[in-house]
Amino acid sequence: MDLDWDWKTGIRGMWPGRVMRLLMVVVLAAGPGARAVTEGSDEGKGKTEKAGETAIAIETGLKPSSTSWPVFQGTVDLNGVSPVQVGDSLERVWDLDTGSAVKAAPVIADGVVYVGNSAGKFIAADVMSGARKWVFDTESSITGSALVLQGRVYVGTSYGFLHCLDADTGKELWKFETQDKIVGSINWTFGEDGKTPQIVFGSHDFFLYGLNPVDGSRLWAYESESYINGTPAISGTNTAFGGCDAILHVVDPSNGKQVRQFDAGSIVVASVGIRDGIAYYGHQENAFVAVDLKSGEKLWEYSGRSFPFEGSPAITEKHVIFGGGDKRIHCVDRKTGEPVWKLRTRGRVLSCPVVCGGNRVICGSNDGRIYLIDLESGEELWSYEIGDGVESSAAVVDGRVIIGCDDGRIYAFQPGK
């Protein structure tokens, strides 16, 4: 018999034969209220919610922004696209030693970069200068990106905790415990009322969760068949994710109810990206796939050499760009999956590409380099050799490109002169 937890009643009991992987909710003190946004400001362009007479706008990750990168790959649909122009080269302007390998991609909001390392340190630093603001010790490895939303930062750890921190001070506001590690990044969406935000993330305990972002209470849980590795991509009424069950799951992120599911082709270890109702992802059987989320039709399949695709894509109107275990960065036609170009590096590419200004691609490689590539031709315009592997992915805002490295440092670049 296994001891388990009844999340509805909070009572622990004996459930025969069931694996202990249901969540325990730790309800702690709620954090500070959301920040009001003045009418007509850039932040006021997002969806709004009413709190008495106060309209609160959430611009966080709903569309590409030149001033924030608050979620993995920049937006909740995980497209990896920034409007920022970076030119033909970059210049290193600062670096910050975190003390241990940085495999997670940074996120940026309100002039602050947030990132965790493999030793469990979660760091906030000024995006322009690199000056450290605060450090929170989660005491467990961090591999996924955080989420910044309404003055709070959410980050998962390999101990299975989701921590909610005050974005300004680093003070822990609450934490939520799952029954296995959280290796992917944290995302968000609106609830069923279309205006109240909720946090969405997956765990190796097989569950995808929806939480109240203010107090950490559990709103819903969707059970898959195996580990959830990546970040759930959210687009409208769909969230899509794969996992070790080799299934592409499509769930309504407002309530956790299954919409449909499809055979993914193989184990999916990275995050899915969504654009125009189509999911794009790679899997362990050496293929990258586009699937219509409504019909389940496989629109195309791109097969490379005998190496898996373990990174998430960047998705533009015309192209899908992704890295592979074959040491290459691949660009294919978004409509057909036909190859456009490949750039060979000297190591596996687990870093996720980011498209900047519609014409440049930034991506790291385990060969210890960061690459700047022309999107149309695939020409390598510039590269920077750090030395240790780069599995982290870039976060891009005006004047800065921030990326982590296995050497334990965060590196900041600016467009070259």
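General observations
- Pairs where the first residue, in region 58-77, is under 16 Å from Arg152 (Cβ atoms) and the second is assigned to a loop (DSSP other than H, G, I, E, B) and at pLDDT 90 or above, C-beta under 6 Å, 6+ apart: Thr60/Pro70; Gly61/Pro70; Gly61/Val71; Gly61/Thr75; Gly61/Val76
- Looking across region 196-214 at every residue that is over 16 Å from the mean Cα position of the chain (by Cα) and outside any loop (DSSP other than H, G, I, E, B), the one that is surrounded by the fewest Cβ atoms within 10 Å (Cβ to Cβ) is identified as Pro197.
- Flag for Lys133 being among the charged types (D, E, K, R), free of Cβ contacts under 8 Å to residues at least 40 places away in the same chain and not in a loop (DSSP other than H, G, I, E, B): yes
- Qualifying residue in region 162-173 (condition: more than 16 Å from the chain's Cα centre (by Cα), within 18 Å of Pro70 (Cα to Cα) and hydroxyl-bearing (Ser, Thr, Tyr)): yes
- Residue within region 54-64 that is modelled with pLDDT of 95 or more and out of contact with any strand residue (DSSP E or B) (no Cβ under 7 Å at 6 or more places or on another chain) present: no
- Applying the condition of being modelled with pLDDT of 95 or more and in a strand (DSSP E or B) to region 219-238 and asking which residue is surrounded by the most Cβ atoms within 10 Å (Cβ to Cβ) yields Ala233.
- Looking only at region 302-317, residues that are farther than 21 Å from Gly368 by Cα and either hydrophobic (A, V, I, L, M, F, W, C) or exposed (fewer than 14 other Cβ atoms within 10 Å of the Cβ) (or both) come to 5 in all.
- Residue that is farthest from the chain's Cα centre (by Cα), among those in region 103-130 that are farther than 23 Å from Ser65 by Cβ and touching a residue at least 60 places away in the same chain (Cβ under 8 Å): Asn117
- Pairs linking a residue in region 373-390 that is modelled with pLDDT under 95 to a residue that is surrounded by 14 or more Cβ atoms within 10 Å (Cβ to Cβ) and of a type in the set (Ser, Thr, Tyr), with Cβ atoms under 9 Å and 6 or more positions apart or on different chains, are Ile386/Tyr411.
- Among the residues of region 69-82, those that are in contact with a Ser or Thr (Cβ under 7 Å, 6 or more places away or on another chain), assigned to a loop (DSSP other than H, G, I, E, B) and more than 15 Å from Ala104 (Cα to Cα) comprise Val76, Asp77.
- Within region 338-376, considering residues that are within 23 Å of Leu299 (Cβ to Cβ) and crowded, with 21+ Cβ neighbours inside 10 Å, the one farthest from the chain's Cα centre (by Cα): Leu375
Per-residue answers, yes or no, for (1) farther than 27 Å from Val269 by Cα; (2) assigned to a loop (DSSP other than H, G, I, E, B); (3) among the aliphatic types (A, V, I, L, M):
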position: Ala104; (1), (2), (3): no, yes, yes
position: Val115; (1), (2), (3): no, no, yes
position: His163; (1), (2), (3): no, no, no
position: Asp168; (1), (2), (3): yes, yes, no
position: Val183; (1), (2), (3): no, yes, yes
position: Trp188; (1), (2), (3): no, no, no
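- Complete set of residues in region 308-326 that are modelled with pLDDT of 95 or more and farther than 15 Å from Ser393 by Cα: Thr316, Glu317, Lys318, His319, Val320
- The condition of being in contact (Cβ under 8 Å) with a residue 60 or more places away in the chain and not β-branched (Val, Ile, Thr) holds for only one of Ser254, Ser266, Ser303, Ser226, that being Ser254.
The values are calculated or read from the model by the stated rules, or taken from the named source; none is laboratory data. Note that the coordinates shown come from a computational prediction; the quantities given were computed from them, not determined experimentally. All Cβ positions, glycine included, derive from the backbone under ideal geometry; neighbour counts span all protein chains shown.
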